[in-house]
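Reviewing the structure listed below.
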Amino acid sequence: MEKLLIIGANGFLGRKLLYRFHDKFDVYGADLITTGIPEEYHPSYIDISKKNVVNDLINIIKPNLTILTAAMTNVDACEDFSEKAKKINSDGPLFVAQALKDIGGRLIHISTDFIFDGEQGDYTEKDIPKPISVYGKTKLEGENNILKQKIPVVICRTSVLFGWPEADQRHNFFSWAYENLSKKKELKIISGQITTPTLVNDLVEFLYQISGFTRSEIYHTCGTEAISRYNFILKLIRTFNFDQNLLKEIDFLPQKAKRPNNSSLNTAKIQQIGNWKFKNINKSFQYLKSQNKNSK
Ligand SMILES: NC(=O)c1ccc[n+]([C@@H]2O[C@H](COP(=O)([O-])OP(=O)(O)OC[C@H]3O[C@@H](n4cnc5c(N)ncnc54)[C@H](OP(=O)(O)O)[C@@H]3O)[C@@H](O)[C@H]2O)c1
């Protein structure tokens, strides 16, 4: 059986990947904190910003495939701690790719829609990135650092991952709103910031399907519907029968990092390569509703 190393295995996407791949691979999970990684996935400490730590772990495991989800994902914290963001989001992918080059391993790297400036929207894989935040800039550098190593790699750019987190995990935009609406708390949601939100389970399935890839590619792997933050929550409210009066639309939100106005991604390329589909928002919410016994 081939070995799969998931780096960032304690995170939102990483944890879901652990549970999906075990019939196809001997799965290894690594992260800064490993408490949420079950023993059967060989939990290991890794700090991707430290070259020697990355080298040592990759040389011990010798994975055939690595999925790199680890990143500094707090967009505002990246502005405050830009050196740290560079080390994790830019240097980290370089160290991983260099170590994989030495052992002949393949890589799937998770990137972001925030590498675009958001002036255009509906970005294809051929559009030129122009990040407007430290997070976007360092994630783009991470992509470029990997590509320069010329290893077999698929770069998957995704957008606003949502779904049910595990009990010990941070909220995502969906679960945060769901939690607050359940407690009848008012939500002030910005009218703009158009993205292509992505059901995390759909991304996991896509990665599972392409895990045997033989050609290096960049893919836009996200939901098929471009939607504003406000309209996303409006659909959530309607699906889960929350009180719509709890939702207030605002046109400005003080945030440290600049957000793209419209960073929606075009998914035509991935729609041509497989017999599967990322769901639209309504179908994603229906899926999540069916997964949660406590939903209204
Ligand atoms: N979530 C989204 O909406 C979204 C949208 C577009 C793209 N993406 C990309 O998708 C990927 C997965 O996102 P996610 O939501 O699963 O993120 P996440 O929940 O924050 O998971 C990332 C994991 O990486 C860990 N990590 C941070 N620094 C590390 C380091 N130096 N060495 C090793 N591990 C480190 C984090 O630990 P700590 O929690 O302890 O820091 C966390 O467990 C990321 O690459 C992100 O850039 C995410």
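The values are calculated or read from the model by the stated rules, or taken from the named source; none is laboratory data. Note that the structure is predicted; figures quoted are calculated from it, not measured. Every residue, glycine as well, gets a Cβ built from its backbone with ideal geometry; the counts of neighbours run over all protein chains shown. Just the protein is used for accessible areas: all its heavy atoms, side chains included, with ligands, DNA and RNA removed. Shrake-Rupley method; radii C 1.70, N 1.55, O 1.52, S 1.80 Å.
Pairing residues of segment 8-20 that are in contact (Cβ under 8 Å) with a residue 12 or more places away in the chain and aromatic (Phe, Trp, Tyr) with residues that are more than 7 Å from the ligand (Cβ to nearest atom) and in a helix (DSSP H, G or I), at Cβ distances under 8 Å and at least 6 apart in sequence or on separate chains, gives Phe12/Val200. If you go through segment 238-296 and keep only what is of a type in the set (Phe, Trp, Tyr) and either within 14 Å of Cys222 (Cα to Cα) or at pLDDT 95 or above (or both), you end up with Phe240, Phe242, Trp276, Phe278, Phe285, Tyr287. Residues that are in contact (Cβ under 8 Å) with a residue 24 or more places away in the chain, within 16 Å of the ligand (Cβ to nearest atom) and assigned to a helix (DSSP H, G or I): does segment 151-161 have at least one? Scanning segment 151-161, I find no residue that is in contact (Cβ under 8 Å) with a residue 24 or more places away in the chain, within 16 Å of the ligand (Cβ to nearest atom) and assigned to a helix (DSSP H, G or I), so the answer is no. Is it the case that Tyr45 is more than 12 Å from the ligand (Cβ to nearest atom) and aromatic (Phe, Trp, Tyr)? Taking the combined requirement at face value, the residue does not satisfy it.
Taking Thr73 as the residue in question, decide whether it is within 15 Å of the ligand (Cβ to nearest atom) and open to solvent by 30 Å² or more (accessible area, probe 1.4 Å). Criteria met by Thr73. Looking across segment 112-123 at every residue that is part of a loop (DSSP other than H, G, I, E, B) and farther than 21 Å from Lys148 by Cα, the one that is nearest to the ligand (Cβ to nearest atom) is identified as Gly118.
Applying the criterion of at least 2 residues that are among the charged types (D, E, K, R) to the helices (runs of 4 or more DSSP H) found wholly in segment 221-296 leaves 229-239, 281-291. Looking across segment 65-104, the residues that are of a type in the set (Gly, Ala, Ser) and part of a helix (DSSP H, G or I) come down to Ala77, Ser82, Ala85, Ser90, Gly92, Ala97, Ala99.
Of the residues that sit in segment 40-57 and are of a type in the set (A, V, I, L, M) and more than 22 Å from the chain's Cα centre (by Cα), which one is surrounded by the fewest Cβ atoms within 10 Å (Cβ to Cβ)? So, considering only residues that are of a type in the set (A, V, I, L, M) and more than 22 Å from the chain's Cα centre (by Cα), the one surrounded by the fewest Cβ atoms within 10 Å (Cβ to Cβ) is Val53.
Checked against (1) in contact (Cβ under 8 Å) with a residue 24 or more places away in the chain; (2) surrounded by fewer than 20 Cβ atoms within 10 Å (Cβ to Cβ); (3) away from the ligand (no atom under 14 Å from the Cβ), Pro63 passes all but condition (2). Taken over segment 76-111, the criterion of being open to solvent by 10 Å² or more (accessible area, probe 1.4 Å) and near the ligand (Cβ under 9 Å from one of its atoms) is satisfied by Lys84, Lys87, Ile88, Ile110. Among the residues of segment 1-39, the ones that are surrounded by 23 or more Cβ atoms within 10 Å (Cβ to Cβ), in a strand (DSSP E or B) and among the hydrophobic types (A, V, I, L, M, F, W, C) come to 6 in all. Scanning segment 29-39 for residues that are more than 19 Å from the chain's Cα centre (by Cα) and within 12 Å of Ala9 (Cβ to Cβ) yields Thr35, Pro38.
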